[in-house]
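A.B. asks: Structure provided below as structure tokens; questions to follow.
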Amino acid sequence: MDGIITLPYSEFAVTNKLNSCLKRYDCSIYVPMSRQQKGIDLIIHKNSTKTIARIQIKSSRTYYGKDSGAEYPYYLWLNNFIGRYKKGVADFYIIFGLFAEPNTKQKITTKNKVWKEIYLCFNDNEMSSLLKSIRIKTSNKSDSFFGFGFKSSNEVYLGRGFHLVKNKDVSDNILDNKITEIIKFLNKK
């Protein structure tokens, strides 16, 4: 009898995305066997250099702002994990979101939405800076949440928790735009 391993959908989706992006670079993806494993959710292994990149995955449901007159049609909100963050535990942090985009070719109903995924990637230094900059709008205290507003999976901005730099474009942190950096990291010996 084969054992059964379960993964949260966010980790499954990120694994598939990374696998499709990194396959041609001689990379393999490994998932820890224990769901209680702290610090990392995936390991990328580059076979030719025998190097690894440790990945931490954070996910958010998507909140819809279009109907409420919000600035962006979609938002990801995450818990601020600055209290649990330890520099050097993970090499990259991937933020995953799943959202429904209406199929504009048909009358919009709940049945004809197109499900899309969004992946943001931050290296350890970027995540450290990001978490340290999260503040409540009315004081200099750390906010317990932070978020991103986006119009599509290709156009993303800082949102909640970043009132000092709100609306800063972070589209460079879309995973497809960070693959070169991941490969460069894996090519070091």
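A.B. asks: Of the residues Ala90, Ala70, only one is touching a Gly at 6+ places or on another chain (Cβ under 8 Å), in contact (Cβ under 8 Å) with a residue 60 or more places away in the chain and not in a strand (DSSP E or B); which?
C.D. replies: Sole residue among the options that is touching a Gly at 6+ places or on another chain (Cβ under 8 Å), in contact (Cβ under 8 Å) with a residue 60 or more places away in the chain and not in a strand (DSSP E or B): Ala70.
Quick grid of which residues meet (1) under 15 Å from Thr62 (Cβ atoms); (2) acidic (Asp, Glu); (3) modelled with pLDDT under 85; (4) under 18 Å from the mean Cα position of the chain (by Cα):
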| residue | (1), (2), (3), (4) |
| --- | --- |
| Ser129 | no, no, no, yes |
| Ile134 | no, no, yes, yes |
| Asp176 | no, yes, no, yes |
| Glu181 | no, yes, no, yes |
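A.B. asks: Could you look through segment 1-20, keep only residues that are among the hydrophobic types (A, V, I, L, M, F, W, C) and in contact with a strand residue (DSSP E or B) (Cβ under 9 Å, 6 or more places away or on another chain), and pick out the one that is surrounded by the most Cβ atoms within 10 Å (Cβ to Cβ)?
C.D. replies: Val14
A.B. asks: Under 6 Å by Cβ, and 6 or more places apart or on different chains, what pairs join a residue from segment 170-189 that is basic (Lys, Arg) with one that is crowded, with 17+ Cβ neighbours inside 10 Å?
C.D. replies: Lys178/Cys121
A.B. asks: Let me ask another. Restricting to segment 32-83, count the residues that are of a type in the set (D, E, K, R), under 17 Å from the mean Cα position of the chain (by Cα) and farther than 14 Å from Glu11 by Cβ.
C.D. replies: So the answer is 1.
A.B. asks: Here is a further query. Can you find a residue that is of a type outside the set (Asp, Glu), surrounded by fewer than 16 Cβ atoms within 10 Å (Cβ to Cβ) and more than 25 Å from Tyr9 (Cα to Cα) anywhere in segment 141-161?
C.D. replies: yes
A.B. asks: For segment 22-50, enumerate the residues that are touching a Lys or Arg at 6+ places or on another chain (Cβ under 8 Å), assigned to a helix (DSSP H, G or I) and of a type in the set (D, E, K, R).
C.D. replies: None; the set is empty.
A.B. asks: Against the condition touching a strand residue (DSSP E or B) at 6+ places or on another chain (Cβ under 8 Å), closer than 27 Å to Gly147 by Cα and at pLDDT below 95, how does Tyr63 come out, does it pass?
C.D. replies: The answer is yes for Tyr63.
A.B. asks: Within segment 72-95, how many residues turn out to be loosely packed, with under 13 Cβ neighbours inside 10 Å and on the phi < 0 side of the Ramachandran plot?
C.D. replies: So the count comes out to 5.
A.B. asks: Does Ile29 satisfy being closer than 23 Å to Asp124 by Cβ, at pLDDT 90 or above and not acidic (Asp, Glu)?
C.D. replies: Yes: the conditions hold for Ile29.
A.B. asks: Another one. Do we have Asn125 as surrounded by fewer than 11 Cβ atoms within 10 Å (Cβ to Cβ), at pLDDT 95 or above and outside any loop (DSSP other than H, G, I, E, B) here?
C.D. replies: yes
A.B. asks: Could you please give the count of residues in segment 28-67 that are under 30 Å from Gly159 (Cα atoms), small (Gly, Ala, Ser), out of contact with any Asp or Glu (no Cβ under 6 Å at 6 or more places or on another chain) and surrounded by 13 or more Cβ atoms within 10 Å (Cβ to Cβ)?
C.D. replies: 3
The values are calculated or read from the model by the stated rules, or taken from the named source; none is laboratory data. Every value quoted in this text rests on a predicted model; they were computed, and no experiment measured them. Cβ sites come from the backbone with ideal geometry, for glycine too, and all protein chains shown count toward neighbours.
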